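Enquirer: Mind having a look at this structure? Questions to follow.
The values are calculated or read from the model by the stated rules, or taken from the named source; none is laboratory data. Every value quoted in this text rests on a predicted model; they were computed, and no experiment measured them. All Cβ positions, even for glycine, are placed from backbone atoms using ideal geometry, and neighbour counts span all protein chains on display. Note: accessible area is taken over every heavy atom of the protein model, side chains too, but ligands, DNA and RNA are not part of it. Shrake-Rupley method; radii C 1.70, N 1.55, O 1.52, S 1.80 Å.
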Amino acid sequence: MFSQQPWYHGNITRSTAEDLLSKAGKDGSFLLRDSESIQGAYALCVLYQNCVYTYRILPNEEKKLSVQASEGVPIRFFSALPDLVDAYYKENMGLVTHLQFAVPKEEEQEEEPEPVSLPPQLPPRNFPCNDGKDSYPCDPCRGTERAVEPAHLSISDTYIQRLQLIDISNLPEDHQKSIQEYFRTSVCLDAEQVQNGNPTLPHFKKLTLSICKNLNSEVSRILPSIEALQKLLEQPSSPGSGRQRNQFSGDANQSVAFRLEQLTNLLYSVEEKTKNAVFESVGFDGGHRKSLIPPVMFEVKSESIGISNKMYLKVDVEGGKLYFKKSKDGPEDKYYVHNKILQLVKSQNMQNRLVLMVETDKEKVQRKDYVFDDTKKREGFCQLLQQMKNKHSDKPEPDMITIFVGTWNMGNASPPQNITSWLQSKGQGKTRDDTANKIPHDIYVIGTQEDPLGEKDWIDTVRGALRDITNISYKHVTSQTLWSIRIVVLAKPEHENRISHIFSDSVKTGIANALGNKGAVGVSFMFNRTSFGFVNSHLTSGSEKKLRRNQNYINILRFLNLGDKKLNRFDITHRFTHLFWLGDLNYRVDFSPQEAENIVMKIKQQQYQELLAKDQLSIEKKEEKVFIDYEEEEITFAPTYRFERDTREKYAYTKAKATGTKYNLPSWCDRVLRKSYPMVHVVCNSYGCSNDIMTSDHSPVFATFDVGVTSQFVSKNDLSKEPEGAIKFMNCVAVLYTKSKTKFFMEFHSSCLEKFVKSAEGENQESTEGSIKVRFGAQVELTPIIADPEYLLDQHILICIKSTDCDESYGVGCVALRSAESSYNEFCIKLTHHGERTGRLTGGIQLHTSEGKQTEKLYDFIKVGDDPAAGKGKPGDYKSSSAVLATDISNPSYMGVGYKSNNQSERSSGNITSQRTVASSVKDMTLGNLSPKKTAYDHSTSSPTGKTSGPVTEDGQPPEMFDNPLYGSRSGSRANKEHLTPPDALFAFPKTDLDADRQPVPVPVPRIRSFTCSETKQSSSTTNTVSSSGLHSQIINKKPVVPCRSEGGISVPGRPPVPMKSRSGQPQEPQIKPRDYRDSSELPSKIRPPARSGQTKDVHHETAQPPKISRPLK
């Protein structure tokens, strides 16, 4: 077999093959590997002049192999790979050079086998034969002679030997004899029956019938009673149908196992029907009780005219109301219905401060500012109000769900009776507030390792715990088990029909990748139109085996088969909108054993940062060796391994072994990471570990997420009459980390395309040591199946760079169409392949859609801002001198852009970035008389649905202004504005290759109540647009109020003094050092920045007007 040949390397990756050849360093060095693009094919990799050339070896219909070599060379066919390799040692065979030096495989360090607990070894016992002779002549399987070599033991010998190691003395005597007799004689007769085509094992059936004689008669007696009970609980039959006959009990000739399965299924069915009947009788709706979340009270402080007042907020999620009370036990003074609560804005400077934007009876927007006892209370309040919004939404399908992800190495011990603290995110770290404990998650994903329970027992345990917490009978969606590694997915009953395309798989990474004691299990599914993947892995243990863990990760990525079959050419990191990776990853902290006591001391003092600086997983992630672009919430809990069982006060960091003392320093082995497509909504609400579940030496870890989802698109218009949309990619340049000498092209994949699209061949321009630059000059235009922006802006394009010689991937990246919502946008994304960084791709994208706009998303309800200051319902109610700088709470990696300067790497690689355009919006709070039906207090944000708005002039027409390429066009957007905040100068970036083709930016004309500042520096521009919106239609012809800020502020330590307002004709002081105001709500000055040299055409000021006092519009 050629697998023993030194030149055959199996399924190693392309980049690994290149590394091995580079180390060899001799022209003519070669190796063979499996093809990544075609199953059953091979790739011949040859080194010549420090470059790697790859040739495909393809089988024909007769399974004969040929090399795709240079044109003009006759094709030769070979029956076996060794013959092919021998032939190509000759010169002039069509290769760049003939084969000379076979590159051998790298020797892998053998993994130390883990101890396996075996049953106690009992002394062998001799069983007398029926004829009283010596042991073996009575065995018909052996013939006349006993086999001498153990390798040639018959099936009877094998099981007789096993039987000697098992103590069966406590079994009934007739059962002992039946078992011995079967394995001594009858098992061979069954084997003969199978060879003759009868697989029913009649003698084994006879054995089970004799053992289960009493059980069989008992089953026959019990089955009719259970069937009658089931029929009683079923729906009433139609009139005239007569008596129903028993379905199963009459067939007594079935095997005992079959009848037991019938009995078990019947019992489960009866139990489920009884529960449903009882639940319905006590007021369950759709499988859960109608009243789930009790009303919750919050004590807060509110400020009015500088006076702080204590009051109480009562949240009634089920009733959809928010009550305001002056005293805890007093009457409700006022309440707002869910649809009157327009926005929540969380302060970043004060972690316990929150602004509510509510609609009053007179259709005015009023701001209410509250301070909670602590951050957790504020978060609990926000989660309850978000739950209220979701529950009472009039949308037919949700656009946000909550997911619980848990991982626990059970240590081969049964769980305790109560595991609710884990499922309620209680314990250490970032945890849920007690007020939010009753909020049920939509989906629970539970991963376990070293799980001793059966799959059904564990599922029943988790479902029972969830029923105790939420009163909901969660549905089992899917599960997958590999040895003792298991993943289980449960969902609310109402989501049962929303979940489809369920797949599951497993990969072994134990010794020689053949044992399942280490490895991974995974599941995937679609929730409406959003794809989810979940991987639970148990990687190699041992502090010194970091590289082996890295290889485990790569193998799981490559061979775990989940998700859409159309995306099988990609590894799982690119197949799903949201991918969650959990489990006992076994990465340790890199300290010497002598530091053990010091580590324990730092843990007791909760000084985790110094320990996390040595965390192997964090270091490997930072160096992009594993989990590239995965996100993990900040760790604020103690290491979860290795505890003494039944306590969480002591770490057992030493372990006696035959080879000496082994150290297992306290480490964060159990982790939850995630990776999502760019510009999608995902927020981690909790990440921690429970501290009261102590049966294992690991603590269970939990993480909860708010995740944006999309639904099946149903157009309100006639699609046949809609204009055709277009997605244009242009000026694409790829830098690939490879030594291959080949040509490349791009492939575009997306669910919004009818089929994947290939680009023209690129031009190889530059080549440096270990990398090559490829320019794709031709524009690629894709035609989406639907042009409606409601559908198209939620889509993503996967771009794959492939070689022309072997059609193999050299890297994949993802672009969000939302990035080009308003205008042409440039991007820079990472390229990865099989978990390795393989390069980067830059270019531009332009999107053409039909008319329309996206509806608001439920997750836009909560924003994050700095020092919120809003308009007033009544003059003098609130005073603040800073404008709101609100952003949404989307995935921080995808909020806005990832900047590049000189040779610095992208901050947010893998996401849409702009190298020349940095957009930042000042969010202004509204005065209290803007109609929410028109404006709904919507900040301009960097959320997936980030909307900006245009100002409205006195004639009701929007003036000309810049289109912001990051946050969207001014059309169809909404925000409120009453104050102006001039921006400071922003960063300027070096000119890129794409700037040469850029059209000149139009100079905006003066417009009312807005401010645009563009700075030109080194031929690059930055654009800043103030979000604004039109007034209510009833007051649109009124003279607008000139925006200004209150001058009556008191100086606060740590903040700059409130500056004087700039007046018409007043000289303005130049700013010496501009400041990026996006990182702070405080501006260094309210005086507008002067024009710099060479900037006069780009700076645009408002028409000077005399200052006026701001007041509410009526």
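Enquirer: Go through 668, 483 and list them by solvent-accessible area, largest first, probe radius 1.4 Å.
Expert: Largest accessible area first, the list is 483, 668.
Enquirer: Here's a follow-up. Is the range 689-758 best put as rounded, prolate or oblate by its Cα gyration tensor, with a ≥ b ≥ c the root eigenvalues, rounded for a/c under 1.5, and otherwise prolate when a/b is larger than b/c, oblate when not?
Expert: oblate
Enquirer: Given a Förster distance of 35 angstrom, what is the FRET efficiency for residue 302 paired with residue 711, based on the Cβ-Cβ distance and rounded to 0.05?
Expert: 0.35
Enquirer: Suppose we look only past 16 Å in the calculated P(r) of the range 713-811. What percent of the Cα-Cα pairs does that tail hold?
Expert: 60 percent
Enquirer: If the range 737-870 were replaced by its equivalent ellipsoid, with semi-axes equal to the square roots of 5 times the Cα gyration tensor eigenvalues, what would those be, largest first, whole Å?
Expert: 33, 19, 13
Enquirer: Just the accessible area for residue 182, please: 1.4 Å probe, Å², rounded to the nearest 10?
Expert: Roughly 20 Å² of residue 182 is accessible to a 1.4 Å probe.
Enquirer: Largest first, what is the accessible-area ranking of 307, 727 with a 1.4 Å probe?
Expert: The residues order as 307, 727, largest area first.
Enquirer: Can you pull the percent of Cα pairs in the range 498-636 with separation above 24 Å?
Expert: More than 24 Å apart: 39 percent of the Cα pairs in the range 498-636.
Enquirer: Describe numerically, in nm with one decimal, the distance between label points set 7 Å from Cα along Cα→Cβ at residue 228 and at residue 77.
Expert: With each label placed 7 Å out from Cα toward Cβ, I get 7.3 nm.
Enquirer: Could you give the radius of gyration (one decimal) and Dmax (whole number) of the Cα atoms in the range 338-467, in Å?
Expert: Expressed in Å, the Cα Rg and Dmax of the range 338-467 come to 19.0, 64.
Enquirer: A further question follows. Between residue 206 and residue 363, what is 0.36 nm times their sequence separation minus the Cα-Cα distance? Round to one decimal in nm.
Expert: In short, 48.3 nm is gained.
Enquirer: Taking R0 as 25 Å, what FRET efficiency do you get between residue 501 and residue 391 from their Cβ-Cβ distance, rounded to the nearest 0.05?
Expert: Calculated value: 0.40.
Enquirer: Taking a ≥ b ≥ c as the square roots of the Cα gyration tensor eigenvalues, with a/c under 1.5 meaning rounded and otherwise prolate when a/b beats b/c, else oblate, which class fits the range 421-556?
Expert: Here the range 421-556 falls in the prolate category.
Enquirer: Starting from the Cα-Cα distance between residue 333 and residue 594, subtract it from 0.36 nm times their residue separation and give me the gain in nm to one decimal.
Expert: Difference between extended and current length: 87.6 nm.
Enquirer: For residue 623 and residue 66 in one chain, what is 0.36 nm times their gap in residues minus the Cα-Cα distance, to one decimal in nm?
Expert: Extra length from residue 623 to residue 66 when fully extended: 196.5 nm.
Enquirer: Would you pull out the residues with amide H under 5 Å of residue 317's amide H, same chain only if 5 or more places away, H placed 1.01 Å from N?
Expert: Result for residue 317 returns 296.
Enquirer: Rounded to the nearest 10 Å², what accessible area does residue 860 have for a 1.4 Å probe in the complete protein model?
Expert: Rounded to the nearest 10, that gives 20 Å².
Enquirer: For a test of the definition: using alpha carbon positions, the gyration tensor, and the 1.5 limit on a/c, classify the range 626-721 as rounded, prolate or oblate.
Expert: Cα axes put the range 626-721 in the prolate bin.
Enquirer: Note down the nm distance, to one decimal, between modelled labels 7 Å out along Cα→Cβ at residue 494 and at residue 511.
Expert: 5.2 nm
Enquirer: Let me ask you something else. Any chance you could look up the accessible area of residue 212 with a 1.4 Å probe, heavy atoms only, rounded to 10 Å²?
Expert: Accessible area of residue 212: about 30 Å².
Enquirer: Within the set 621/773; 340/426; 325/391; 377/604, which residue pairs have Cα atoms separated by over 28 Å?
Expert: Table pairs above 28 Å Cα-Cα are 340/426.
Enquirer: Under 5 Å between amide hydrogens, which residues at least 5 positions from residue 76 or on another chain qualify, with H placed 1.01 Å from N in the peptide plane?
Expert: It is 67, by chain and number.
Enquirer: Can you run the Rg to Rh ratio on the range 508-586? Use alpha carbon positions and the Kirkwood inverse-distance Rh.
Expert: Radius of gyration over Kirkwood radius for the range 508-586 works out to 1.01.
Enquirer: Going 7 Å from the Cα of residue 751 along its beta-carbon direction, which residues of the range 655-690 have the amide nitrogen within less than 20 Å of the resulting point?
Expert: Inside the label zone: 674-683.
Enquirer: What nm value, rounded to one decimal, do you get for the distance between residue 636 and residue 823 when each label is placed 7 Å out toward the C-beta?
Expert: According to this spin-label approximation, the distance is 4.0 nm.
Enquirer: Using a 1.4 angstrom probe on the protein heavy atoms only, could you order 588, 76 from most to least accessible area?
Expert: Per-residue accessible area, sorted high to low, gives 76, 588.
Enquirer: Still on this structure, I have one more. Which distance in Å, rounded to a whole number, links the C-alpha centroids of the range 602-631 and the range 739-774?
Expert: 35 Å
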